[in-house]
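What follows is a single structure, written as structure tokens, with notes after it.
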Amino acid sequence: MRFKYFLRVAVCLTLTLVFTGTVWAQFRSTLEGTVTDPSGAVVSGAQVVLTNAETGVSQTTQTNSEGYYHFPSLPPGKYTVKASAKGFMSVAQENIIVGGAEVRTIALVLKVGDITEVVTVTGEPPPVQLSEGKVTANISTVEIRNLPMAGRNILDLVALTPGVTGIGNFSSQAGSSDIFSLVGNPSVNANGQRGDGNSYYVDGLSANSNPDPGTVYITLNPDSVAEFSVALNDYSAEYGRTGSIVVNAISKSGSNAFHGSLFEYHRNNKLTARNVFQNTRNPITGRILPASRRNEFGFTLGGPIQKDRMFFFGSVDALRSAVNVTNRVVIETPEFVNFMRTNFPRNISTFLLTSFPVGDVGPFESTETVAQVMAVSGFGACTGAGPLGMPCNMPLRGSAIRSFAPTRNGLQWNVRVDRYLNDSKDRVHVNYQRRTADVEGTQLRTAFRNAFAANPITYYSLVNWTHTFGPTMVNEAAIGFTRFQGGQDCSHCQVPPIGAPGLSEGFGNGFAPAVFIQNDWTWRDVLSINRGKHALKAGLEIFRDQENDLFSGPQQRPSYNFLNIFDFASDTVLSQTGVNYDLRTGGPSFQDVQYRVTTYGFFAQDNWKVKKNFSLNLGLRWDFSSNPNEKNGRMSTIILGSGSTFQERIRNASVGIVPRLFEKHRIGYFAPRLSFAWAPTRFDNRLSIRGGMGVFMNRWPNIAWSDRIRGNPPFQASITASTQNPAGPQPRYGLCQLDKSPFNCPFPTGLVVGVNERGGPIGARAGIGGTAPDLHYSYTINRFVGIQYAFTSNWILEADYLGSQAVHLYSNTDRNRFAGDLSFDATLDRLNPFFFGISYTDNSAWAHYNGGTVSLRKRFSQGYTFLTSFTFGKTLGVQDATGVGRDSHLSPIVDAYNLNAQRGQAAFDIAKRLSFTFVYDTPRNLFGNRLASAILGSWQIGAIGTFQDGYPFWVVAGLDLNGDGVNFDVPFTPAFGNSKHTDRSGFLTGFMTAADFPLPACTRRNAAGACVGWISGGDLGRNTFRGPGLANIDLSLGRSFRFPWFIGKEDASFQLRAEFYNLFNRVNLDSRSVVANLQSGNFSRATGVFYPRTVQLSMRIDF
């Protein structure tokens, strides 16, 4: 009843605001200030006119009794502000650059004289933050146009913001994370927050993925971006649902002149250097590098439909490519395959190895014999022959380099129209974007490669309306819709997912065939009122999420797991997981679900000008979400049982159908925020001391619960048939009979139709999942204090302290386990014997961060701009990952009931990072000399430099040392301690061995002699080792030539440009690829490398 009451209130408020004004505007920038006379006294009633230099659109207001004026909801751009009052000469300040989501404060001083006289100030005022406290970077169109961006992806620039760490969009191929990617997911972190705390906005509309937070659906091509801003700790209460990086991209609009561009960007294998793994010529093609190419081409056009009133802008961007993929893999040797073909021709493993070989791999770098693999798999010494009669010295697996060029094509286009009405009191803006892609799979076994089934497609649309009621009141509104869909096809679907322990890839397509469709609606309204010294804002946001998952296909194909590679060879299966049927009828299982959630946000913000040089920003935000439901009633979750401890409640838990997910649904999530900016008078607005503290709620992402519950009984059986549970159904190994639904895959023996007393299958164990019955929003408490000083109107030095405490972070792990379960016998009892794993999400995780950043920047003037920053800090936590979205929720937990035991460095912790950007556009007329101008004039230079530490990693045994049924345990600390430093060559050859890490005593061996039980886990700490660092410089170099153009009065510019990614061809190993599993033949070696020197050539016409 309480929620329904608040829902009615929310709807009423929405309708009231919509019909009295209007949902969130695209523009978040503001220009404000005071008007004073020569003595410093305020001038009230002065007329202030603000004019956009590009569109000619003007706005007029009056200073209030405090001499204060305020222009909210501005698009980024260049402005002129003019003030006039009776008895004074008018004053006009030109060349005011307003960035995205920026508040600029411009003080105007009137001199006594005739009002018709105008004093014009052309020099730009210092861009010091005088009205708000936050760490931010505004990236202008000049930088977007001239900085080298592999893949033309503006998200590459997020990592360059002071205070941000991470590898961003670095990958093995320059530009592979481009604007045509399924989702954008730059690996960036700030304030010690997980990547899933990052927020992305396009034209004010949330572009975040709801299932996978921290990833973004919509990435504009750079030619359609007007401004790009990144803030680390924006304390405005306008921002909700997350608490880390806030990224705002503003799309371009047309102007009073026709402008546009034509462009083509090209690179191929001849313009790409070899990376450190590419040293062997392909015996078939004769190439060291596979043939690859990348062509990205398109156009933009914008201009007036009606001068000063209506404008349009559109763009088309297309991709045709085949990009190189290279990495180190562990694969079976020919000797192993021949041994199986000769001695076990009827084995399923033999059929798989001979029918589905690996492809595009070079010769072996190294191999491991049967005896060596036995040693790391827990067997005793090999004498004479190993398992299956394999010779001890027979090469069994080896490390090799895989390199090939899969096809990757895409198309993105957008159209935007702006309309100004009623003397610019009303501004209506409409934007539409569509993106499609065609991507070939990258499976190691070529027979299983496939393209995405439902060519990934994204639709984005926005309607925005801003209405000015008068000089002191503006209402901003928008409604937006995003549709995102994709899927995964299946090749040779009769082969279910089959693991091959110790090899880089098993057999069969995994989660396939599947299709997902995400529909997101956003409504938002913001009312701005200027009253005296207070710039007030109040608003609401409603976000309707429709997650449609058509996942029946994967549920009808079970997976097979083996203890080790020898058991795989002998077809001795350990478990058959994901066995599904409808428990009530015995018929095929279907997992086509439609989850629905609505999230609400209400906020009030007071930007209080306490004094002319002191601003206090006070905000309060209220967020909450509806209780998730499934449209057709197909929602089932864990129901905790009775007990005085959590373990007892898990032991007595059941699973059942529920109308809503949470038993205790909370809606009281209030987030107060405070920040300040003080400009000491003696420094004439060149020095600003800023700080803030605030609470930021992090909405629980869909994956925190949807991935847990979608496979629950009775709709799915979710049975795991395991030899470790001899009393239950036993796995039946085999291929499926059909290559399409329902596939008719083998079912384990001993299955029974029906539901047991706990809601699971009769006589079998189902893997189930769910959340804490009172799962609530996590939140962070961010704090910050910093100083800005402008040496000139363009050069700014800034130093900031940043800190945060993340509370009630989402944690997920299998809770149905306990240490010692398998240490002394082969029966996996589990805490709750009615179920296999219980994937449980709660709020057990946390993180702490302290750090700082120092930066020096110069805004674009005199033809160049520059930014450099140094960021340092340390993040501690218990569960996280280097990636974004679901990665953090799936990172491992050793002890399910003692998360604090793995307190350590966060997996994304970067202790030190230095970066710089530089853009220089040389003037056409240089030194007044024609020869110098002809040689040195009209060049465009852009550079990006990145230098940072590597990510930490956690060495694991890859064995179930503590006997809880999960093979993620740590060994003992080696003799050299819990860390060891090496150079890049050490990560290439392997700077540690499995023998360096002692294992506990063996308590139990199986019939083949392999150790399968240990006394306990080891004591090695979490993330104590650190991977290789990153040092990279990208450079762009272009030359422009002017020539007459047939549209408009201005000449056009033709540019030839070369971009050099990894200019000095440094070997940058991917620290995320360092193999930390003692069971792998690549242990302590980096298996991935970032792109080598790559040259991209382009030509473009701008008019």
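The numbers here are math on the coordinates, done by the rules we state, and not lab data. Here the structure is a predicted model, which means the values were calculated and not measured. Don't worry about glycine lacking a Cβ; one is built from the backbone with ideal geometry, like all the others, and counts go over all protein chains shown.
Quick notes on this structure:
- Each principal axis of the Cα cloud of the chain was evaluated for its coordinate range; sorted largest first, these ranges are 105, 75, 53 Å.
- Computed FRET value (nearest 0.05) for Asn455 with Ser644, which takes r as the C-beta separation and R₀ as 60 Å: 0.65
- D_trans [Stokes-Einstein, Kirkwood Rh over alpha-carbon pairs] for region 325-402, 4 °C, 1.567 mPa s, µm² s⁻¹: 98 µm²/s
- Separation of region 319-373 and region 183-231, taken as the distance between their Cα centroids, equals 39 angstrom.
- Long-range amide H partners of Val970 with built H, under 5 Å: Ala957, Gly1018
- Kirkwood hydrodynamic radius (C-alpha pairs) into Stokes-Einstein, region 938-1008, 20 °C and 1.002 mPa s, D in µm²/s: 133 µm²/s
- With a cut-off of 16 Å on the backbone N, the residues of region 936-954 near the modelled label site 7 Å out from Thr982 along Cα-Cβ are 950-954.
- Relative packing of peptides 846-855, 932-941, 69-78 - highest average C-beta neighbours within 10 Å first: 69-78, 846-855, 932-941
- In order along region 800-808, phi translates into HN-Hα couplings of 9, 9, 10, x, 7, 9, 8, 10, 6 Hz, rounded to whole numbers, per the Karplus curve 6.51 cos²θ - 1.76 cosθ + 1.60 with θ = phi - 60° and x for Gly and Pro.
- Here the Karplus relation 6.51 cos²θ - 1.76 cosθ + 1.60, evaluated at θ = phi - 60°, turns the backbone of region 1029-1036 into coupling constants of x, 10, 9, 8, 10, 10, 9, 10 Hz, with x for every Gly and Pro.
- Additional length obtainable on full extension of the chain from Asn393 to Ile935, 0.36 nm per residue less Cα span: 188.4 nm
- Cross-link partners of Lys664 among lysines (Cα-Cα below 26 Å; sequence separation of 8 or more within a chain): Lys4, Lys631
- Protection proxy ranking, peptides 117-129, 485-497, average beta carbon neighbours within 10 Å, highest first: 485-497, 117-129
- Basic side chains Lys and Arg get +1 at the Cβ, acidic Asp and Glu get -1 at the Cβ, and with that the dipole of region 1015-1103 about its Cα centre reaches some 120 debye.
- Each of Asn233, Pro742, Ser1098 was scored by the projection of its Cα onto the charge dipole of the chain, and the greatest displacement toward the positive side belongs to Ser1098; charges sit on the C-beta of Lys, Arg, Asp and Glu.
- Reachable lysines, given that their alpha-carbon falls under 21 Å from the alpha-carbon of Lys612 and they are not under 8 places away in the same chain: Lys82, Lys111, Lys134, Lys533, Lys537
- Within straight-line reach of Lys307, meaning a Cα separation under 19 Å, sit the following aspartates and glutamates at least 8 residues removed in sequence or on another chain: Glu54, Asp418, Asp423, Asp426, Glu1050.
- Distant-in-sequence amide contacts of Tyr200, defined by a placed amide H-H separation under 5 Å and a gap of 5 or more residues or a different chain, comprise Ala207, Asn208, Val247.
- Only the Cβ atoms of Lys and Arg (+1) and of Asp and Glu (-1) were treated as charged; on that basis the dipole of the chain about its Cα centre amounts to roughly 920 debye.
- Each label point was placed 7 Å from the Cα along the Cα-to-Cβ direction; for Lys425 and Ser44 their separation is 2.4 nm.
- Each eigenvalue of the Cα gyration tensor of region 420-553, multiplied by 5 and square-rooted, gives one semi-axis; in descending order these are 50, 15, 12 Å.
- Only Lys, Arg (+1) and Asp, Glu (-1) charged, at Cβ; region 325-402 dipole about Cα centre in debye: 160 debye
- Each residue of region 101-116 is assigned a 3J(HN,Hα), and the resulting list reads 6, 10, 10, 9, 10, 10, 8, 10, 10, 8, 9, 5, x, 7, 5, 6 Hz, derived from the Karplus form 6.51 cos²θ - 1.76 cosθ + 1.60 (θ = phi - 60°), x at Gly and Pro.
- Using the average count of surrounding beta-carbon atoms within 10 Å as a protection proxy, the listed peptides 211-218, 870-877 rank, highest first, as 211-218, 870-877.
- Fewest-first sequence of Tyr801, Tyr810 by Cβ atoms within 10 Å of each Cβ: Tyr801, Tyr810
- Sorted ascending by nearby beta carbons within 10 Å, beginning with the fewest, Glu227, Glu476 become Glu227, Glu476.
- Residue among Met340, Val361, Gly386 farthest towards the positive dipole end of region 325-402, charges placed on Cβ: Met340
- Where only DSSP H runs of four or more residues are counted, the chain gives -2000 deg cm²/dmol as its mean residue ellipticity at 222 nm, each run worth -39500 (n - 2.57).
- The separation of region 136-176 from region 463-519, counted between C-alpha centres, amounts to 23 Å.
- Listed residues Ala679, Ser804, Leu1063: farthest to the positive end of the dipole of the chain (Cβ charges): Ala679
- As a proxy for reagent exposure, ranking Met394, Met340, Met149, Met1099 by other Cβ atoms within 10 Å from fewest up yields Met1099, Met394, Met340, Met149.
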